[in-house]
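Beneath this line is the structure, given in structure tokens, with notes to follow.
The values are calculated or read from the model by the stated rules, or taken from the named source; none is laboratory data. Being a predicted model, the structure only gives us computed values, none of them experimental. Ideal geometry is used to build each Cβ from the backbone, glycine not excepted, and the neighbour counts take in all protein chains shown.
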Amino acid sequence: MSTFEQLLQLYAEPEKVAKLEAFNGAVYRASQDGAFNDQLPADGIATWVKSVWQDRHC
Amino acid sequence: MSLLAITAQRFDREIEDVFCATIKRLIYEAIKAADDPVAIELVCEQWQELLGEFRALERETLLPRQPSPDELRSHKVIYQQAISVAGLLGAAVRRAHKISWNLEANVRNSLKERMELLGRQVEIMVFEYNGWHGPRLTPAQIELAKKVLCVDV
């Protein structure tokens, strides 16, 4: 499963704060691991994953 | 019965006015409640109900389709005020909890639980606000993100 799919799964229940913390934690760790760079801010990735999740489920 | 006394079908100027007036009333009542744990809890219960109605309207009207710019504008204004009032209530409950050391344990516990709930609500709302109204990745950034995160293109 790709990092992206894992993030999508984590975002599935955003109203549960533990899920949100896991999601934000995963995005943060990916940014610390160098997955993102100056061109890919972590907050922007989080927003994008959320929009993709909504496109798929709404 | 709805706290808003209105059956809204969409985010528009009318529902924005009603939401914002209700939020202003809650702010006034929170200030008036001062350090009274019971009065503060009553305001928090109304806030909880208002948040539920906001979420329901969001779920029923914005998520199933592409909202119009006007709907998004009203949604944004309400969201900003909702985050502010949750922060204000959190500060009021934190203060009441701090000076409640000589009250019964159940009162203190109730204040602590409410304080933690408000903190979680603010965290989630700010996250969601960024999702709805924060900046978007540019097309070039999205293409880069797809490669970095191994998304099937």
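The table below lists the values:
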item	result
Condition met for A:ALA22 (closer than 12 Å to B:ASN130 by Cβ and either aromatic (Phe, Trp, Tyr) or free of Cβ contacts under 8 Å to residues at least 24 places away in the same chain (or both))	no
Counted residues, the stretch B:122-153 - those being at the interface with chain A (Cβ under 7 Å from one of its Cβ atoms), surrounded by 15 or more Cβ atoms within 10 Å (Cβ to Cβ) and among the hydrophobic types (A, V, I, L, M, F, W, C)	9
Options B:ILE83, B:ILE31: the member that is part of a helix (DSSP H, G or I) and under 24 Å from A:TYR11 (Cβ atoms)	B:ILE83
Top-ranked residue of the stretch A:1-14 - restricted to ones that are surrounded by 18 or more Cβ atoms within 10 Å (Cβ to Cβ) and not hydrophobic (A, V, I, L, M, F, W, C), ranked as nearest to the other protein chains (Cβ to nearest Cβ)	A:THR3
Qualifying residue in the stretch B:73-90 (condition: under 20 Å from B:ILE31 (Cβ atoms), modelled with pLDDT of 95 or more and either of a type in the set (Lys, Arg) or more than 17 Å from the chain's Cα centre (by Cα) (or both))	no
Identity of the residue in the stretch A:15-58, in contact with a Pro (Cβ under 8 Å, 6 or more places away or on another chain) and under 13 Å from B:PHE127 (Cα atoms), that ends up farthest from the other protein chains (Cβ to nearest Cβ)	A:PHE23
Filter pass, A:VAL27 being among the β-branched types (Val, Ile, Thr), in contact with an Asp or Glu (Cβ under 9 Å, 6 or more places away or on another chain) and touching a residue at least 12 places away in the same chain (Cβ under 8 Å)	yes
